[in-house]
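Please see the structure below; I have some questions.
The values are calculated or read from the model by the stated rules, or taken from the named source; none is laboratory data. Not measured: the values here are computed from a predicted model. Here the Cβ positions follow ideal geometry from the backbone for every residue, glycine too, while neighbour counts run over all protein chains shown.
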Amino acid sequence: MIEIKDETEKVILVGVALSDQDDTKESLEELKDLVSTAGAETAGMLIQNREQQHPATYVGKGKIEELKNMIWELRATGIVCDDELSPAQMKNLQDELDVKVMDRTLIILDIFAARASTSEGKIQVELAQLKYQQTRLTGWGRAMSRLGGGIGTRGPGEKKLEMDRRLIKSRIAQLNRELKDVKKHREVTREQRSRSHIPVAAIVGYTNAGKSTLLNALTGAGILAEDKLFATLDPTTRDLKLPSGQEILMTDTVGFIRKLPHHLIEAFRSTLEEAKYADIILHVVDASNPQMDEQMYTVYETLQNLGVKDKPVITVFNKIDRMEDTWVPRDLRADYHVKISAKTGEGITGFLQSIEAVLRERKVEIEALYPYKEAGKIQKIRKYGELQEEEYREDGIFVRAFVPAELYGQVRPEGVTPNNCL
């Protein structure tokens, strides 16, 4: 009987620290989690202190020799560099070490490819992968040749190279067309949401901060929520009724991470831009993570790159079930901040109250008597606004409520002006 089993790849993580204040060690720890999520095992780590990355081999000659010894001693099957390698760096390292050479970008792309489930997600991931591969075809003629080197074998490698380059270029063009159609559909959906006057809250945050767990806790969305990096990729929108009775749409977005590959940012731009068109940003933070401040900085930097600005922000410090009661959170960029545990439900009530407070700031207060013939307007207030008081009288219905400013003209009683309504 022959037993067949998959061998787990063992890799060595390699990083370059450019200064004493560099967070390369923490970055490698995160890379270790990424490698584990991708299905490999970390056998060791190596960090070199340099003023800049070696242009040809990422690390210097001495570290390459050290890597050779580590690969032999630890029986590693490859290395993963913490930065995106140039085509020349990747090729030179493969020639020197004679093992598989990968970088952070390749690992993240691999995880995204495994996790994408919707057609949009698959298109975006494949597009990012092809753009990554396209720049790495140059100079790989020998490796792609079906005949090998030597007299009489010139040409096939380069012909294969040109063929691959042409095929990739053609496929990228096709995917861009498909993605453009998806983007149009997403824009139509946004317009429909805008016409419905239902506010939208975008849930953003570092990967594995608990965004999907929060959405599940609030709406019962049933999204996969695991203690892994990039557990979910595809955006999900669910309706939530707040304690005041008002409806709000909650949209989950893909998690951010330091050194997020620019290919992915471009490919996922239409998805990430959900935050750009939202009314509120819900910034979910893993309060139990020692790198919390650095992760918050990464999120704000990514939002800035996407053009997300002038939006009210509620920072949600999640996973407080792992923290001490005396811990005090701080986020100077947020309008509000709350402490919650999406897992246990602690703090959820205060969180919903913060959402209502932000929405109220964007509303107009109505305090007026509605004739019974205009009772339909009160139903619209109940759906899109916040009904504080409703009293049925002989001469009409007295209402005190908050309504979205853009909806005010449609729901105010006839003959009532903004000056005499409050």
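Return a yes/no flag: does the range 237-260 have any residue that is closer than 22 Å to K363 by Cβ, modelled with pLDDT of 85 or more and in a helix (DSSP H, G or I).
There is no residue in the range 237-260 that is closer than 22 Å to K363 by Cβ, modelled with pLDDT of 85 or more and in a helix (DSSP H, G or I).
Still on this model: Given the conditions (1) modelled with pLDDT of 75 or more; (2) basic (K, R); (3) surrounded by 13 or more Cβ atoms within 10 Å (Cβ to Cβ); (4) part of a helix (DSSP H, G or I), and given that R142 satisfies all but one, which numbered condition is not satisfied?
Of everything listed in (1) modelled with pLDDT of 75 or more; (2) basic (K, R); (3) surrounded by 13 or more Cβ atoms within 10 Å (Cβ to Cβ); (4) part of a helix (DSSP H, G or I), R142 misses just condition (1).
Sticking with this one: E301: acidic (D, E), under 22 Å from T237 (Cα atoms), out of contact with any His (no Cβ under 9 Å at 6 or more places or on another chain) and outside any loop (DSSP other than H, G, I, E, B), yes or no?
Considered against the rule, which asks whether it is acidic (D, E), under 22 Å from T237 (Cα atoms), out of contact with any His (no Cβ under 9 Å at 6 or more places or on another chain) and outside any loop (DSSP other than H, G, I, E, B), E301 comes out as no.
Identify the residue in the range 368-387 that is of a type outside the set (G, A, S) and in contact with a helix residue (DSSP H, G or I) (Cβ under 7 Å, 6 or more places away or on another chain) and, among all such residues, is farthest from L240 (Cα to Cα).
Restricting to residues being of a type outside the set (G, A, S) and in contact with a helix residue (DSSP H, G or I) (Cβ under 7 Å, 6 or more places away or on another chain), the top hit is Y370.
Which residues, taken from the range 388-422, are of a type outside the set (V, I, T), within 18 Å of L242 (Cβ to Cβ) and modelled with pLDDT of 85 or more?
Q388, E389, E390, R400, A401, F402
Could you say which residue among T37, T42 is part of a strand (DSSP E or B), surrounded by 13 or more Cβ atoms within 10 Å (Cβ to Cβ) and not aliphatic (A, V, I, L, M)?
Of the residues listed, the single one that is part of a strand (DSSP E or B), surrounded by 13 or more Cβ atoms within 10 Å (Cβ to Cβ) and not aliphatic (A, V, I, L, M) is T42.
Can you find a residue that is charged (D, E, K, R), closer than 30 Å to L179 by Cα and not assigned by TED's automatic domain parsing to the domain that holds D293 anywhere in the range 36-50?
Checked against the condition, which is being charged (D, E, K, R), closer than 30 Å to L179 by Cα and not assigned by TED's automatic domain parsing to the domain that holds D293, the range 36-50 yields no hits at all.
Run L264 past the list (1) crowded, with 23+ Cβ neighbours inside 10 Å; (2) in a loop (DSSP other than H, G, I, E, B) and report the number of the one that doesn't hold.
The single condition L264 does not satisfy is (2).
Then there's this: Hey, any hits in the range 354-366 for a residue that's within 22 Å of the chain's Cα centre (by Cα), assigned to a loop (DSSP other than H, G, I, E, B) and outside the structural domain of E389 (by TED's automatic domain parsing)?
Among the residues of the range 354-366, not one is within 22 Å of the chain's Cα centre (by Cα), assigned to a loop (DSSP other than H, G, I, E, B) and outside the structural domain of E389 (by TED's automatic domain parsing), which makes the answer no.
Looking at A375, A368, A357 in this structure, which one is at pLDDT 85 or above, of a type in the set (A, V, I, L, M, F, W, C) and surrounded by 15 or more Cβ atoms within 10 Å (Cβ to Cβ)?
It is A368.
Outside the structural domain of Y206 (by TED's automatic domain parsing), touching a residue at least 24 places away in the same chain (Cβ under 8 Å), outside any strand (DSSP E or B) and charged (D, E, K, R): does that describe K380?
yes
Each row is one residue, and each column tells you yes or no for (1) in contact with a Lys or Arg (Cβ under 8 Å, 6 or more places away or on another chain); (2) within 19 Å of R258 (Cβ to Cβ); (3) of a type in the set (G, A, S).
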position	(1), (2), (3)
E7	no, no, no
L13	yes, yes, no
D23	no, yes, no
E51	no, no, no
Y58	no, yes, no
G62	no, no, yes
L74	yes, no, no
I79	yes, no, no
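Do we have any residue at all in the range 330-341 that's surrounded by fewer than 18 Cβ atoms within 10 Å (Cβ to Cβ), closer than 17 Å to P290 by Cα and at pLDDT below 90?
Scanning the range 330-341 turns up at least one residue that is surrounded by fewer than 18 Cβ atoms within 10 Å (Cβ to Cβ), closer than 17 Å to P290 by Cα and at pLDDT below 90.
Still on this structure: Cβ-Cβ under 6 Å, sequence separation 6+ or interchain: first residue in the range 388-404 and surrounded by 14 or more Cβ atoms within 10 Å (Cβ to Cβ) and of a type in the set (F, W, Y), partner modelled with pLDDT under 90 and part of a loop (DSSP other than H, G, I, E, B). Which pairs?
F402/G385
If you don't mind, another one. Has the range 322-329 got at least one residue that is under 15 Å from G210 (Cα atoms), at pLDDT below 90, over 21 Å from the mean Cα position of the chain (by Cα) and not in a loop (DSSP other than H, G, I, E, B)?
Yes: the range 322-329 contains one or more residues that are under 15 Å from G210 (Cα atoms), at pLDDT below 90, over 21 Å from the mean Cα position of the chain (by Cα) and not in a loop (DSSP other than H, G, I, E, B).
Considering (1) in contact with a strand residue (DSSP E or B) (Cβ under 9 Å, 6 or more places away or on another chain); (2) at pLDDT below 90, say which one S288 fails and leave the rest.
Answer for S288: the failing condition is (2).
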